[in-house]
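One structure is given below, encoded as structure tokens.
What follows draws every value from the coordinates through simple rules; no lab data is involved. This is a predicted model, so every value here is computed, not measured. Virtual Cβ from ideal backbone geometry, glycine too; neighbours counted across all protein chains shown.
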Ligand SMILES: [Cu+2]
């Protein structure tokens, strides 16, 4: 990695710190310069955020309590912003439809179990919500 690449990454973390500075208990993922705008539920034990970035879910494996809400955010890079993603349950329990950059989809998980999901246009993108 060259110094030219390091600088933007550090700047990105500064932006994230600013975004989340008034949310001391945020435990959600932070990826690159991904920016989560207003309207995303507060991240706590019953509200989780999965970022969609670089053709992957972050985090791909997420354990939550029954009753928790998971919000997926398409936070893809500008360079591939034309790529839309979905969060689609393997078993068909939910399907976000195509999410453009900045769009979100939320689902509440009441029942315990393991819920694998994927991205419809990119089947290699996989994740699991574990409710326990
Ligand atoms: Cu995708």
P(r) of segment 53-106 over all Cα-Cα pairs, binned every 10 Å from zero, in whole percent: 23, 54, 20, 3
Packing-based exposure ordering (other Cβ within 10 Å, fewest first) of 115, 57: 115, 57
